[in-house]
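The values are calculated or read from the model by the stated rules, or taken from the named source; none is laboratory data. Given the structure is predicted, the values throughout are model-derived calculations rather than measurements. Backbone-built Cβ (ideal geometry, glycine too); neighbour counts: all protein chains shown.
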């Protein structure tokens with residue numbers, strides 16, 4: 001079984017880059033939980049773990065994790081970009097509350113089927129898709 005560390009190490013090797021302690025710390029911290037996060041939340045988590053890392057290191061590492069297929073930019077809400085790790089997880093979509101920022105993950109096979117039909121109709125080869133529906137959660141309505 002391939003680990004996230006092996007995938008990331010191999011990706012960096014192909015790009016001629018090194019696995020630095022900072023990159024490793026970002027990778028390990030992201031995969032230590034399963035929830036959406038932004039850069040500030042990740043920075044705070046790293047600091048709580050006594051990891052000396054800058055915002056700049058996080059901003060430089062996230063695109064590498066995205067390109068390697070381990071992390072995805074999941075949505076933008078309330079002026080912030082949120083990320084999530086996707087390795088080992090099925091595709092899903094999001095409902096985002098524009099008042100409190102709550103994120104509800106869901107999967108609906110009817111949406112997946114419709115997307116495939118639309119792509120087929122237009123002879124379009126999809127590589128990814130993101131669906132985020134913004135509105136108000138039950139508590140904020």
Filter pass, residue 14 being over 14 Å from residue 60 (Cα atoms) and part of a helix (DSSP H, G or I): yes
State whether one or more residues within region 113-120 are assigned to a loop (DSSP other than H, G, I, E, B) and over 11 Å from the mean Cα position of the chain (by Cα). no
Contact list, first residue from region 51-71 and assigned to a loop (DSSP other than H, G, I, E, B), second anywhere and surrounded by fewer than 19 Cβ atoms within 10 Å (Cβ to Cβ) and at pLDDT below 90, beta-carbon distance below 6 Å, six or more apart or interchain, is 70/87
Do you know which residues across region 20-50 are in contact with a strand residue (DSSP E or B) (Cβ under 8 Å, 6 or more places away or on another chain) and part of a loop (DSSP other than H, G, I, E, B)? 31, 34, 35, 36, 38
Kindly indicate whether residue 131 is surrounded by 11 or more Cβ atoms within 10 Å (Cβ to Cβ) and either more than 18 Å from residue 75 (Cβ to Cβ) or without any contact (Cβ under 8 Å) to a residue 12 or more places away in the chain (or both). no
Looking at region 75-109, which of its residues are exposed (fewer than 12 other Cβ atoms within 10 Å of the Cβ) and either in contact with a strand residue (DSSP E or B) (Cβ under 6 Å, 6 or more places away or on another chain) or part of a strand (DSSP E or B) (or both)? 106
For region 26-41, how many residues are in contact with a helix residue (DSSP H, G or I) (Cβ under 6 Å, 6 or more places away or on another chain) and either in contact (Cβ under 8 Å) with a residue 24 or more places away in the chain or more than 17 Å from residue 86 (Cα to Cα) (or both)? 4
Across (1) at pLDDT below 90; (2) surrounded by 14 or more Cβ atoms within 10 Å (Cβ to Cβ); (3) closer than 30 Å to residue 138 by Cβ, residue 39 clears everything bar (1)
In this structure, is residue 12 over 30 Å from residue 131 (Cβ atoms), crowded, with 16+ Cβ neighbours inside 10 Å and either out of contact with any helix residue (DSSP H, G or I) (no Cβ under 8 Å at 6 or more places or on another chain) or not assigned by TED's automatic domain parsing to the domain that holds residue 111 (or both)? yes
